[in-house]
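S.K.: Here it is, the structure, as C-alpha cells.
The values are calculated or read from the model by the stated rules, or taken from the named source; none is laboratory data. Fair warning: this is a prediction, and the values are worked out from it, not measured in the lab. Glycine gets a Cβ as well: all are built from the backbone with ideal geometry, and neighbour counts include every protein chain shown. These accessible areas exclude ligands, DNA and RNA; they are computed on the full protein's heavy atoms, side chains included. Shrake-Rupley method; radii C 1.70, N 1.55, O 1.52, S 1.80 Å.
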Amino acid sequence: GGGPVLWQRPFVDIFKAFSIEDGEAAEKRGDVQNELDRQICKRVYRIRGAVAANNYIQVPGPRSPVKSLGLTGEYIYLEAKAVGGRFFVVHLDFSVASVSSFRVTLSNMFSQAKTSCHSLQWPLALPPQWTVVCIHVPSTL
C-alpha cells in the first residue's frame, strides 16, 4: 500500500470527519452528551449510564450509507477518562483479509488479555485524569 490517503494526514478526528450529531453518519444511544471539558478545554462526549450496551456512540451508524471508516493509519489514539471508577468498554472492529472482521475490546472489566481468531479482549486501567491510549494496529492484529 502507498500509505495513508491525503485526507488522513497527519490524523483523522473521527468525531469531526464523521459527524456524530447528524444522526445518520453515527448513532448516539442512551446518556451521551457533547460538552466542554474544563480540564482539557476541549469538546468531549460524556457517556454515562448503568449498562454500557445501552449507552454508546457507534461510528459509522447502522443507518449510515458508509459501512466502513476506510482508515489506513498504523495507530489509533484514544483520549479517554474513566469517571468515578465506573466500568467502560471500547470496541474497535477491523476488516481484515484472514477473517471477515476482528474486534478489539478495551475495558476495565477484564483482568487479563484473552484472544481468539476473531477477537482480542485487553484490560485497560485508566487513571482518574485524561489519558491518551495509543494502539499500534499491525501489532494488535
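S.K.: Given 74, 79, which one is touching a residue at least 60 places away in the same chain (Cβ under 8 Å) and charged (D, E, K, R)?
M.R.: Only one candidate qualifies: 74.
S.K.: Okay, next question. Restricting to segment 27-38, name every residue that is more than 15 Å from residue 59 (Cα to Cα), out of contact with any Asp or Glu (no Cβ under 9 Å at 6 or more places or on another chain) and assigned to a strand (DSSP E or B).
M.R.: 31, 33, 35, 36, 37, listed by residue number.
S.K.: Continuing with this model, one more query. Among 83, 66, which is the only one that is modelled with pLDDT under 85 and under 21 Å from residue 22 (Cβ atoms)?
M.R.: Being modelled with pLDDT under 85 and under 21 Å from residue 22 (Cβ atoms) holds for just one of 83, 66, which is 66.
S.K.: Now for a different question. Tally up the residues in segment 10-29 that are of a type outside the set (Phe, Trp, Tyr) and open to solvent by 60 Å² or more (accessible area, probe 1.4 Å), please.
M.R.: 8
Residues are listed down the side, and each one gets a yes or a no for (1) part of a loop (DSSP other than H, G, I, E, B); (2) outside the structural domain of residue 14 (by the TED database); (3) within 23 Å of residue 11 (Cβ to Cβ); (4) hydrophobic (A, V, I, L, M, F, W, C):
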residue	(1), (2), (3), (4)
40	yes, no, yes, yes
57	no, no, yes, yes
60	yes, no, yes, no
79	no, yes, yes, no
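S.K.: Restricting the search to segment 88-115, which residues are exposed (fewer than 12 other Cβ atoms within 10 Å of the Cβ), at pLDDT below 90 and not aliphatic (A, V, I, L, M)?
M.R.: Selection gives 98, 100, 101.
S.K.: A further question on this structure: Sort out which residues of segment 44-70 are more than 20 Å from residue 108 (Cα to Cα), in contact (Cβ under 8 Å) with a residue 24 or more places away in the chain and basic (Lys, Arg), and write them in order of number.
M.R.: 63
S.K.: Just for segment 13-50: of the residues that are of a type in the set (Gly, Ala, Ser) and in contact with a Gly (Cβ under 7 Å, 6 or more places away or on another chain), which one is modelled with the highest pLDDT?
M.R.: Quick first cut of segment 13-50, residues of a type in the set (Gly, Ala, Ser) only: 17, 19, 23, 25-26, 30, 49-50.
From what's left, in contact with a Gly (Cβ under 7 Å, 6 or more places away or on another chain): 25-26, 30, 49.
On the way: 25: 81, 26: 85, 30: 92, 49: 85.
Selected residue: 30.
S.K.: Another one. Restricting to segment 118-131, and then to whatever is open to solvent by less than 90 Å² (accessible area, probe 1.4 Å) and without any contact (Cβ under 8 Å) to a residue 60 or more places away in the chain, can you tell me which residue is farthest from the chain's Cα centre (by Cα)?
M.R.: Restricting to residues being open to solvent by less than 90 Å² (accessible area, probe 1.4 Å) and without any contact (Cβ under 8 Å) to a residue 60 or more places away in the chain, the top hit is 127.
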